[in-house]
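Enquirer: This is the structure I have questions about; it appears just below.
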Amino acid sequence: MYKIKNITLRNFKFFHGAEIDFPHNKLDLERNHLLLYGENGSGKSSIYWALYTFLQSNLKKDDNDIYKYFKHDHEENLRNRYAADTDESAIEIQFENEHGTMTTQKISTSTINTKDGTFIQKTLSTSDFINYKYLSKVYDFRNSETIDLFPLFEKNILMFIDFEEEFKKHDGSLSGTANAGDWWDFISNDYVSLPKNTHTFKVSCEEYRQFNDVTIPRFIEKLKKFLIRITNRTNQLLERKFKEKLKINFDVESIECEFNNKVSTRARDQTLHRPKIPLRISLTDTLLDTSKQGVNKPHTFLNEASLTAIALAIRLAILEEKYLGGTDDLARILILDDLLLSLDMNHRDVVMDIIFEKAEDYQLLILTHDRGFFNLCKRRIENRFTEGWIFKE
């Protein structure tokens, strides 16, 4: 399996200049796991987002959607503000396998090679990112709202799910991708290009029938099956690892995606109605009457530690769904950024045990701005592992 040998950041977010003048711009890992401490404002999160931007670049169909992060005159650029307009901005990662074979991948002001071949594509499909912002989005809803996780899946999770089946495009050709994020991107964006009669969709044409009667239902069917699988694993983690007296469910029977609904006998709304993924819980305390075990709004009932445990259990269950077959031509990276801040000590111990169990299958990069957690985690690592880790501040 390939692992990261080093990460070089040039004029990207916090990191100003090139590594020849600023040695801290090059992070040498030498294929080891990493535990990194950095105070707020020290560049820790810049490393997380550099890795995220780097791997996600493989999904960008238009290279300009990558170059924009490095161009000084683009309003969405992520360049260091002290860099001169002519200075290169770049993220460069060197990977090495156990046999010493290396490959260098780079995205920059003028270079993109993360879409060459399948190395980064496979690495992205088997890697994952988890940070505190993701965890809070699982339960950050008003009391008047019910939890809908589809926006979170759309932004953070679908691109890591393999549906193992291609979809048909409007011209009848296969998509060339089985990625769930690509399925949804096609459904949510390309419906506007379906054939029309002036201003309304031509519902009798083959393209419309394929999209409405096959592609959308197939997407929902596969999404439901995925949710059922991770529900079972999530509940196992909650019961056996986190010792929580509750179970989750996504109310999969209610999940649907409707398109171009009738609003009258002769008119349709020309609209795609996005799915919702409700999150419900049921309490498993035997002392509680069964009529009181169901909770439709977990965020109004549970404390933050329990909600964070649920969010982590869901994401860890998703991680276990990833394909873990051959490793000769890919890297598996698990990047964790301050994900334990909302947990009490007991929950932290549980999560650290689960994460350390992944050390054989993944290269772990654990980032934190909490000095106490850094010291605690470092002691746990030193007690559990004799080699394979580096610690940086």
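The values are calculated or read from the model by the stated rules, or taken from the named source; none is laboratory data. Owing to the predicted nature of the structure, the values given are computational and were not obtained by experimental measurement. Here the Cβ positions follow ideal geometry from the backbone for every residue, glycine too, while neighbour counts run over all protein chains shown. Ligands, DNA and RNA are excluded from the accessible area calculation, which covers all protein heavy atoms including side chains. Shrake-Rupley method; radii C 1.70, N 1.55, O 1.52, S 1.80 Å.
Enquirer: Between Thr111, Thr103, which is modelled with pLDDT of 90 or more and surrounded by fewer than 17 Cβ atoms within 10 Å (Cβ to Cβ)? Walk me through how you get there before you give the answer.
Expert: Working: Thr103 fails: surrounded by fewer than 17 Cβ atoms within 10 Å (Cβ to Cβ).
Answer to the selection: Thr111.
Enquirer: To continue, here is another question. When the residues of region 89-100 are filtered to those that are farther than 18 Å from Phe15 by Cβ and of a type in the set (D, E, K, R), which remaining residue is least open to solvent (accessible area, probe 1.4 Å)?
Expert: Among those residues, the one meeting the criterion is Glu96.
Enquirer: Do we find that Glu244 is outside any loop (DSSP other than H, G, I, E, B), acidic (Asp, Glu), closer than 28 Å to Ile354 by Cβ and open to solvent by 20 Å² or more (accessible area, probe 1.4 Å) in this structure? Let's see the steps before the verdict.
Expert: Details: outside any loop (DSSP other than H, G, I, E, B): no; acidic (Asp, Glu): yes; closer than 28 Å to Ile354 by Cβ: yes; open to solvent by 20 Å² or more (accessible area, probe 1.4 Å): yes.
Against the criterion (outside any loop (DSSP other than H, G, I, E, B), acidic (Asp, Glu), closer than 28 Å to Ile354 by Cβ and open to solvent by 20 Å² or more (accessible area, probe 1.4 Å)), Glu244 does not qualify.
Enquirer: From Lys44, Lys61, Lys68, grab the single residue that is open to solvent by less than 50 Å² (accessible area, probe 1.4 Å), free of Cβ contacts under 8 Å to residues at least 40 places away in the same chain, among the charged types (D, E, K, R) and within 25 Å of Lys155 (Cβ to Cβ). Steps first, please.
Expert: On the way: Lys44 fails: free of Cβ contacts under 8 Å to residues at least 40 places away in the same chain; Lys61 fails: open to solvent by less than 50 Å² (accessible area, probe 1.4 Å).
So the residue among Lys44, Lys61, Lys68 that is open to solvent by less than 50 Å² (accessible area, probe 1.4 Å), free of Cβ contacts under 8 Å to residues at least 40 places away in the same chain, among the charged types (D, E, K, R) and within 25 Å of Lys155 (Cβ to Cβ) is Lys68.
Enquirer: For region 71-80: of the residues being in a loop (DSSP other than H, G, I, E, B) and open to solvent by less than 50 Å² (accessible area, probe 1.4 Å), which is nearest to Ala50 (Cα to Cα)?
Expert: Checking each candidate, the answer is Leu78.
Enquirer: Has region 289-308 got at least one residue that is in a strand (DSSP E or B) and either at pLDDT 90 or above or at positive phi (or both)?
Expert: no
Enquirer: Let me ask another. Could you list, in sequence order, the residues of region 375-393 that are among the polar types (S, T, N, Q) and either under 20 Å from Gly43 (Cα atoms) or open to solvent by less than 70 Å² (accessible area, probe 1.4 Å) (or both)?
Expert: So the first thing to find is which residues in region 375-393 are among the polar types (S, T, N, Q), and the list is 375, 383, 386.
Asn375, the sole residue that qualifies.
Enquirer: Going through Ala311, Ala305 one at a time, which residue ends up being surrounded by fewer than 20 Cβ atoms within 10 Å (Cβ to Cβ), in contact (Cβ under 8 Å) with a residue 12 or more places away in the chain, among the hydrophobic types (A, V, I, L, M, F, W, C) and within 22 Å of Gln236 (Cβ to Cβ)? Reasoning before the result, please.
Expert: Values: Ala311 fails: surrounded by fewer than 20 Cβ atoms within 10 Å (Cβ to Cβ).
Testing whether each residue is surrounded by fewer than 20 Cβ atoms within 10 Å (Cβ to Cβ), in contact (Cβ under 8 Å) with a residue 12 or more places away in the chain, among the hydrophobic types (A, V, I, L, M, F, W, C) and within 22 Å of Gln236 (Cβ to Cβ) leaves just Ala305.
Enquirer: For the list (1) small (Gly, Ala, Ser); (2) in contact (Cβ under 8 Å) with a residue 40 or more places away in the chain; (3) open to solvent by 50 Å² or more (accessible area, probe 1.4 Å); (4) not in a helix (DSSP H, G or I), I need the number of the one condition that Ala83 fails.
Expert: (3)
Enquirer: Moving on. Considering only residues that are under 27 Å from Glu98 (Cα atoms), open to solvent by 20 Å² or more (accessible area, probe 1.4 Å) and either among the acidic types (Asp, Glu) or modelled with pLDDT of 85 or more (or both), which ones fall in region 318-344?
Expert: First, the residues of region 318-344 that are under 27 Å from Glu98 (Cα atoms): 319-337.
In the following step, the residues that additionally are open to solvent by 20 Å² or more (accessible area, probe 1.4 Å) were identified as 320-321, 323-329.
Hits for region 318-344 are Glu320, Glu321, Asp328, Asp329.
Enquirer: Also, I was wondering about something else. If you take the residues of region 114-124 that are surrounded by fewer than 21 Cβ atoms within 10 Å (Cβ to Cβ) and within 25 Å of Ile355 (Cα to Cα), which of them is modelled with the highest pLDDT? Don't jump to the end; show me each part of the working.
Expert: Going residue by residue through region 114-124, those that are surrounded by fewer than 21 Cβ atoms within 10 Å (Cβ to Cβ) are 115-119, 121-122.
Going one step further and asking which of them are within 25 Å of Ile355 (Cα to Cα), we end up with 119, 121-122.
Values: Phe119: 91, Gln121: 86, Lys122: 86.
Ranking the qualifying residues of region 114-124, first place goes to Phe119.
Enquirer: Can I ask one more? Please find, within region 345-374, the residue that is nearest to Leu35 (Cα to Cα) out of those that are open to solvent by less than 60 Å² (accessible area, probe 1.4 Å) and of a type in the set (S, T, N, Q).
Expert: Thr368
Enquirer: I'm trying to understand the selection: among the residues of region 32-41, which are at pLDDT 90 or above and open to solvent by 20 Å² or more (accessible area, probe 1.4 Å)?
Expert: Asn32, Tyr37
Enquirer: Is one or more of the residues making up region 164-171 assigned to a strand (DSSP E or B), in contact with a Lys or Arg (Cβ under 8 Å, 6 or more places away or on another chain), hydrophobic (A, V, I, L, M, F, W, C) and crowded, with 19+ Cβ neighbours inside 10 Å?
Expert: From region 164-171, those assigned to a strand (DSSP E or B) are 168; that's our starting set.
Then drop every residue that is not in contact with a Lys or Arg (Cβ under 8 Å, 6 or more places away or on another chain), which leaves none.
Looking through region 164-171, none of the residues is assigned to a strand (DSSP E or B), in contact with a Lys or Arg (Cβ under 8 Å, 6 or more places away or on another chain), hydrophobic (A, V, I, L, M, F, W, C) and crowded, with 19+ Cβ neighbours inside 10 Å.
Enquirer: Being part of a strand (DSSP E or B) and free of Cβ contacts under 8 Å to residues at least 60 places away in the same chain is the filter here, so list the residues in region 247-262 that pass it.
Expert: Answer for region 247-262, where residues must be part of a strand (DSSP E or B) and free of Cβ contacts under 8 Å to residues at least 60 places away in the same chain: Lys247, Asn249, Glu258, Lys262.
Enquirer: Going through Arg209, Arg233 one at a time, which residue ends up being open to solvent by 60 Å² or more (accessible area, probe 1.4 Å), within 30 Å of Phe301 (Cβ to Cβ) and either at pLDDT 95 or above or part of a helix (DSSP H, G or I) (or both)? It would help to see each step written out before you state the result.
Expert: Values: Arg209 fails: within 30 Å of Phe301 (Cβ to Cβ).
Every option except Arg233 fails the conditions.
Enquirer: Show me the strands (runs of 3 or more DSSP E) found entirely inside region 310-393 where at least 1 residues are over 20 Å from the mean Cα position of the chain (by Cα) and of a type in the set (A, V, I, L, M, F, W, C). If you could, list the steps in order and put the result at the bottom.
Expert: Details: elements: 333-337, 363-368, 389-392.
Hits in region 310-393: 389-392.
Enquirer: Under 6 Å between Cβ atoms, which residue pairs at least 6 apart in sequence (or on different chains) link something in region 10-36 that is under 24 Å from Thr101 (Cα atoms) with a partner that is aliphatic (A, V, I, L, M) and open to solvent by 10 Å² or more (accessible area, probe 1.4 Å)?
Expert: Hits for this filter: Asn32/Ile390; Leu34/Ile390.
Enquirer: What is the residue count in region 283-295 for residues that are surrounded by fewer than 15 Cβ atoms within 10 Å (Cβ to Cβ) and either in contact with a Leu (Cβ under 9 Å, 6 or more places away or on another chain) or more than 26 Å from Lys245 (Cα to Cα) (or both)? First the steps, then the outcome.
Expert: Keep residues of region 283-295 that are surrounded by fewer than 15 Cβ atoms within 10 Å (Cβ to Cβ), which gives 284-292, 294.
If we keep only those that are either in contact with a Leu (Cβ under 9 Å, 6 or more places away or on another chain) or more than 26 Å from Lys245 (Cα to Cα) (or both) too, we end up with 284-285, 292, 294.
Final tally of qualifying residues: 4.
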